[in-house]
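Beneath this line is the structure, given in structure tokens, with notes to follow.
The values are calculated or read from the model by the stated rules, or taken from the named source; none is laboratory data. These numbers were taken from a predicted model, which means no experiment stands behind them. Counting neighbours? That spans all protein chains shown, and the Cβs are built from the backbone with ideal geometry, glycine included. Accessible surface is based on the protein model in full, side chains and every heavy atom, while ligands, DNA and RNA are left aside. Shrake-Rupley method; radii C 1.70, N 1.55, O 1.52, S 1.80 Å.
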Amino acid sequence: DINKTAKGGAEELEQSGIAVTKAWQVENLTSINQKANTLLLPFKALQTKGKFILYKYACRLNGSINGGQISSKAAQIQMHNYRTKANYLLTSGKTIRIDKPTLDVRFSTLQPKKSPNIIILTSDKNLAKNAPLFDIPDREVKIAHDINSTLNGLKGFVMCEGGAGLLTTLHPFVDILLVILNPSINANFSLTMQLNQSFSFVHQEQIGEDLFLWLVPKQKE
């Protein structure tokens, strides 16, 4: 445990005469130790740099992301549950202009239903404020133009939602990529992911019709 207050548990147990197996010291437990470290990545990120950055990306089986709502209702509910736990939700000016989203937590099954503060990353100095998200009460909506200064000033759980362009911009900073894969194909697709990056699987689960794939950039393993 890298937390200075919590660390030392193994030593305390040993001093009490309790046998302790340290996975990182046992050759045949190396893979288990690696898996555990990967699953603990969000907590390590929060402790070491003060924030955990999760990017959510939804697509169909052929990679298409255009043509309206992609994910199933159950997946929407789960994402709204995640939003209630987020300190910030970061999106792009392009998403605001094209989709005019609300980015609230109306489908959440958790209480309290608190919509996260919004950060819109854009180069547009005159971004129109006509999307529904600007009308949600009790939260801050900030328009930012510089990625480094914006991220440096954030603490806590940062969710990112947007398309391939925003992911391309943010991928050096993302701790975990959540791909929501819907079992459908759009034959007339024109938008797909454009990113050169390798990932490792951390976890996968089916929620409703969709497959949730939790991925870690290989350099962050």
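Quick notes on this one:
- Candidate set from segment 1-25 (those that are of a type outside the set (D, E, K, R) and at pLDDT 90 or above); member that is nearest to residue 174 (Cα to Cα): 21
- Number of the condition not met by residue 134 [criteria: (1) among the hydrophobic types (A, V, I, L, M, F, W, C); (2) surrounded by fewer than 20 Cβ atoms within 10 Å (Cβ to Cβ); (3) over 14 Å from residue 95 (Cα atoms)]: (3)
- Residue selected from segment 174-187 under the condition open to solvent by less than 60 Å² (accessible area, probe 1.4 Å) and assigned to a loop (DSSP other than H, G, I, E, B), by the criterion farthest from residue 203 (Cα to Cα): 186
- Some residue of segment 142-154 being closer than 18 Å to residue 80 by Cα, open to solvent by less than 60 Å² (accessible area, probe 1.4 Å) and not acidic (Asp, Glu): no
- Residue within segment 94-109 that is under 17 Å from residue 177 (Cα atoms) and open to solvent by less than 50 Å² (accessible area, probe 1.4 Å) present: no
- Under the condition of being open to solvent by 30 Å² or more (accessible area, probe 1.4 Å), in contact with a strand residue (DSSP E or B) (Cβ under 6 Å, 6 or more places away or on another chain) and of a type in the set (D, E, K, R), the residues counted in segment 200-217 number 1.
- Qualifying residue in segment 48-68 (condition: of a type in the set (Lys, Arg) and without any contact (Cβ under 8 Å) to a residue 24 or more places away in the chain): yes
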